[in-house]
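> Mind looking over this structure? Questions follow.
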Amino acid sequence: MKVVGVCAEYAEAAERYFGPSRGAAWVSGFPPDVEMWRIAVIPEQVRILDFETRFPSALSR
């Protein structure tokens, strides 16, 4: 979905990465009409890889 302006998730990620003040400063550096895209990934399957059973020799060293 196309978003005009900074996506809320992008601003939250910037604050987590840079800290509250530097994250807000980073986001404020974008022009108000910047275009961003929000992409959702929905998994159809979930698999668990059990490396202990699948590759026991690699873990026994």
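The values are calculated or read from the model by the stated rules, or taken from the named source; none is laboratory data. Remember, predicted model here, so these are calculated numbers, not experimental data. In this analysis, Cβ positions are derived from the backbone assuming ideal geometry, glycine residues included, and neighbour counts consider all displayed protein chains.
> From the set of residues in the range 25-35 that are at pLDDT 95 or above and within 20 Å of Glu15 (Cβ to Cβ), which is farthest from the chain's Cα centre (by Cα)?
It comes out as Pro31.
> While we're here: Restricting to the range 1-60, name every residue that is of a type in the set (Val, Ile, Thr) and either out of contact with any strand residue (DSSP E or B) (no Cβ under 9 Å at 6 or more places or on another chain) or in contact (Cβ under 8 Å) with a residue 60 or more places away in the chain (or both).
Val27, Ile39, Val41, Ile42, Val46, Ile48, Thr53
> Filter the range 1-12 for residues that are surrounded by 14 or more Cβ atoms within 10 Å (Cβ to Cβ) and of a type in the set (Gly, Ala, Ser) and give the result. Outline the logic, then answer.
Taking the range 1-12 first, the residues surrounded by 14 or more Cβ atoms within 10 Å (Cβ to Cβ) are 3, 5-7, 10-11.
Answer for the range 1-12, where residues must be surrounded by 14 or more Cβ atoms within 10 Å (Cβ to Cβ) and of a type in the set (Gly, Ala, Ser): Gly5, Ala11.
> Right, something else. If Ser21 meets every condition in (1) small (Gly, Ala, Ser); (2) modelled with pLDDT under 95; (3) loosely packed, with under 10 Cβ neighbours inside 10 Å apart from one, which number is that one?
The number of the failed condition is (2).
> Determine if the range 25-34 includes at least one residue that is part of a loop (DSSP other than H, G, I, E, B) and among the aromatic types (Phe, Trp, Tyr).
Yes, because at least one residue in the range 25-34 is part of a loop (DSSP other than H, G, I, E, B) and among the aromatic types (Phe, Trp, Tyr).
> Assess whether Arg47 counts as being outside any helix (DSSP H, G or I), basic (Lys, Arg) and either modelled with pLDDT of 95 or more or more than 18 Å from Met1 (Cβ to Cβ) (or both).
yes
> Please specify each residue of the range 1-26 satisfying the condition of being of a type in the set (Lys, Arg) and more than 10 Å from Trp37 (Cα to Cα).
Correct list: Arg16, Arg22.
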